[in-house]
Amino acid sequence: LVHLGTATGGRVSELLALRVQDAYDVAASPPIPLPLIYYRRAVVKGKTHGRGVPVTRPLHDALLEYLPWRWRLAGWPVPLPGDLYLLPSVRSGGPWDRVSAWRELRATYRAAGVAGSVATHSLRKTMAQSLQDAGMPVRVIQETLGHAHVSTTERYLGWDPRRMAEWHARAAAIRARAADEKMKSL
């Protein structure tokens, strides 16, 4: 849940609704991770379309390990039906409920020594922040998170004056290079 949430920025409800076929090619033997995690429109808040989020190399590797482990733990049938929940409830095999997921998330954060408040959107905010730290444009982060409005994405990212100074410095360097190239072409 933590790795999937921080790597894809999925809402907890989206993560809990994922089916095996949304993350794996179940026709392959053994099933292999897909290049995109696909969030269906039925679970995307008020959206009329779903979205695919690229699977990073670390997430791909984690998914390669996860499915065989989960397969043994849940006693899933062979061949694997794609409509099984990716993160099933241990008790029912159906989807986890949000409250149980939040409790597990909070316990995981505490065990890892993470201080402060923990919310189900902490995973999305962590992912958004890491994309911004890597220099990703806000518009790309907005698409990745599936926000209809960039203002929602901006609330996730918060305000850091150091970032503004960094972006101004980058813009000045780009303008200086462009001016140099223009002078050379004259």
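The values are calculated or read from the model by the stated rules, or taken from the named source; none is laboratory data. Computed from a predicted model, the values in this text were never measured in an experiment. Counting neighbours? That spans all protein chains shown, and the Cβs are built from the backbone with ideal geometry, glycine included. Just the protein is used for accessible areas: all its heavy atoms, side chains included, with ligands, DNA and RNA removed. Shrake-Rupley method; radii C 1.70, N 1.55, O 1.52, S 1.80 Å.
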Checklist line | Any hit, the range 43-51, residues being modelled with pLDDT under 90, in contact with a Phe, Trp or Tyr (Cβ under 8 Å, 6 or more places away or on another chain) and open to solvent by less than 80 Å² (accessible area, probe 1.4 Å) | finding: yes
Next item on the list: From (1) touching a helix residue (DSSP H, G or I) at 6+ places or on another chain (Cβ under 7 Å); (2) within 17 Å of P30 (Cα to Cα); (3) not β-branched (V, I, T), pick out the condition that doesn't hold for P81.
Entry: (1)
Note to self: I'm trying to understand the selection: among the residues of the range 71-121, which are surrounded by fewer than 16 Cβ atoms within 10 Å (Cβ to Cβ), in a helix (DSSP H, G or I), of a type outside the set (A, V, I, L, M, F, W, C) and without any contact (Cβ under 8 Å) to a residue 60 or more places away in the chain?
What the structure shows: R72, S100, R103, R110
Check: If you check A112 against the conditions, is it in contact with a Phe, Trp or Tyr (Cβ under 7 Å, 6 or more places away or on another chain) and modelled with pLDDT of 85 or more?
Finding: no
